[in-house]
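Every number here is computed from the coordinates shown, using simple stated rules; none is lab data. All of these numbers come straight from a predicted model, not from anything done at the bench. Neighbour counts run over all protein chains shown; Cβ positions are idealised from the backbone, glycine included.
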Amino acid sequence: CAVFGVFAPNDDVARMTCFGLQALQHRGQESAGIAVGDGETILVEKDLGLVTQVFNEASLAALPGRVAVGHVRYSTSGGCTWEGAQPHISAIDEVLIALAHNGTLVNTASLRARIYDAGLQLRSGTDSEAAAKLIGKFTQESHHITEGIRRAMQMIEGAYAMVLASPTTLYAFRDPNGIRPLCLGELPDGRGWVVASESCGLDIVGAAYVRDVRPGEILRIDETGLRSVQGVEPRPYRACIFEYVYFARPDSVLDGQSVYQARRMMGRVLAREAPVQADLVLGVPDSGVPSAMGFAAESGIEYADGIVKNRYVGRTFIEPTQELRQLGIRLKLNPLPSVIGGKRVVVIDDSIVRGNTSRKLVSILRDAGATEVHLRVVSPEVTWPCFYGIDTDTRDQLIAANMTHEEMRDFIGCDSLAFISMEGLRASVPDVQNAGFCDACFTGDYPVSIPSSMARDSFK
Ligand code: 5GP
Ligand code: SF4
Ligand code: MG
């Protein structure tokens, strides 16, 4: 998912949010929503579909305001339903808020129980709605939104980057490990402030990147300016390293580190770790391409655009069913026989999760005339599920958790297969803030412990 928030009393905040969400569309394509505060009340518009399917001139014109929050969704908790679309509104007595969340909470069951105990209702099965209700309830009790957020942060566990709007004020806050990304930008001429999951969401509305929101921090922005308070004590920083591998856009900067440069470096490192004799280097669009260029530069093997991507088809992983995913791969990638015919190719992909994408890809490359297909992957073997918002499946779905290296190579059908080492990946994403990363999907080292009920289902 992605979140976006803006406080800019003299701008068309709904339109800015719509642009911001379009820049962040790669993070989720199931639903889109915008909530605006106009000083008095909050209006929300959301639906299943892409940003451009949900919003048009008329719907944006019907959302006047000075503060807005928006969301695009890739369902991790609660399934793909209208009720799961965000932002979530919580209205308890006079307290009216809209919340958008990227991440996954790990203690949703106990949060829901608390909400029912307080006599409140929930419409969806999502962790995000539970968080909205909880913040609303604590705000009603304490009469301060910052205090409501702080109390909720003390109770919720897991990964969250959240933006919240009241009728007058924008808030942004991040879990104490800083697992999911969230950055702050400033509009020119003192027009206001923007927060977004990635810096490409700031660029599109002309906001200058200021910094990333700190772990456990709450930002509060209104007419009196920007204030920062600590909501919960920060824990060791564990930003998701997989953002650099796959999720983020290459033109984004996370914690001062360019995603594009990190991907290039992964390719260079992998070329050193797992060299191969070949005629051409191909990258699997989009996320594999910068790494392929790095691999080509390091190995001296020529880079070629041998795989063309239909840019109007969404990310294959993100469609929820296996049948849709299978179909999605074929719709999406097409090889160029005139480039690869008769050639030994080394193909660079960002990750192998279930193995479907690579298996299909290898077969279409052979059909297009490649004489040898060597697969190089710029992330280590994914052997553990993610519980923090990328939600890579249960263990039994993860190919690397269930097959030996040779079985994987055979299943995928490539001539050789190699993954970057964990050290190699870490070395490619220089820890510029000297902070640390989450790498649990590769190592099983989970920064936030998983309740046993969740673990039982997923570690099967
Ligand atoms: P699979 O091996 O499951 O068929 O697919 C892996 C491919 O899905 C990779 O090429 C990667 O680009 C893409 N992908 C899309 N979304 C995700 C995600 O959330 N996690 C991972 N690991 N890969 C994803
Ligand atoms: Fe990112 Fe993997 Fe950690 Fe999930 S488990 S937050 S995908 S590094
Ligand atoms: Mg891919």
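Beta bridges assigned by DSSP with both partners in the range 254-434 are antiparallel in approximately 20 percent of cases.
Entry note: the range 70-217 has Rg to Rh equal to 0.96, where both radii use alpha-carbon atoms and Rh is the Kirkwood radius. Ordered by the count of other Cβ atoms within 10 Å of each Cβ, fewest first, His374, His71 give His374, His71. Overall, the range 383-458 carries a charge dipole of about 200 debye about its Cα centre when +1 sits on the Cβ of Lys and Arg and -1 on the Cβ of Asp and Glu, all other atoms neutral. Between helix 127-142 and the chain, what is the angle of the helix's C-alpha long axis to the longest principal axis, kept within 0 to 90° and rounded to the nearest 10? Roughly 20 degrees, rounded to the nearest 10. Here is the tail figure for the chain: Cα pairs spaced more than 27 Å apart come to 53 percent of all pairs. Computed over the range 254-434, relative contact order equals 25 percent, with contacts defined as Cα pairs under 8 Å that lie 6+ residues apart. Axis of helix 289-299 versus longest Cα principal axis of the chain: the two differ by about 40°, to the nearest ten degrees. Taking every alpha-carbon pair within the range 332-459, the share separated by more than 23 Å comes to 41 percent.
Reducing the range 228-299 and the range 416-436 to their Cα centroids gives an inter-centroid distance of 8 Å.
With the simple spin-label model, which puts each label point 7 Å out from Cα in the Cβ direction, the Glu407 to Ala297 separation comes to 3.8 nm.
Other residues whose C-beta falls under 12 angstrom from the C-beta of Ser110 contribute a net charge of -1, scoring Lys and Arg +1 and Asp and Glu -1. A Cβ-based charge dipole, computed about the Cα centre of the range 2-235 with Lys and Arg at +1 and Asp and Glu at -1, lands at about 540 debye. The slack in the chain from Gln154 to Asp279, taken as 0.36 nm per residue of separation less the alpha-carbon distance, amounts to 39.4 nm. Taking Cα centre as origin and charging only the Cβ of basic (Lys, Arg, +1) and acidic (Asp, Glu, -1) residues, the dipole magnitude of the chain rounds to 480 debye. With contributions of -39500 (n - 2.57) from each DSSP H run of at least four residues, the per-residue ellipticity at 222 nm computed over the chain stands at -8500 deg cm²/dmol. Where does helix 322-332 land angle-wise versus the long Cα axis of the chain, in degrees 0 to 90, nearest 10? Approximately 70 degrees, to the nearest 10. Take the Cα radius of gyration of the range 254-434 and divide it by 2.2 N^0.38 Å, N being the number of residues; the result is 0.99. Annotation: the antiparallel percentage among DSSP beta bridges lying fully within the chain is about 80.
Quick check on the range 4-151: take the gyration tensor over C-alpha atoms, sort the square-rooted eigenvalues as a ≥ b ≥ c, and tell me if it's rounded (a/c under 1.5), prolate or oblate. Oblate, because a/c is 1.5 or more while a/b does not exceed b/c. Within the shell of other residues whose beta carbon sits under 15 angstrom from the beta carbon of Val36, the net charge comes to -3, with Lys and Arg scored +1 and Asp and Glu -1. May I ask you to derive the relative contact order of the chain, considering only C-alpha pairs under 8 Å and at least 6 residues apart, and to give it as an integer percent? Result for the chain is 13 percent. Between the range 126-142 and the range 143-207, what is the C-alpha centre distance in whole Å? Answer, in whole Å: 16. A straight Cα-to-Cα reach below 12 Å connects Lys332 with the aspartates and glutamates Asp286, residues fewer than 8 places away in its own chain not being considered. Each Cα pair under 8 Å and six or more residues apart adds its sequence gap; the mean of these over the residue count of the range 351-460 is a relative contact order of 33 percent.
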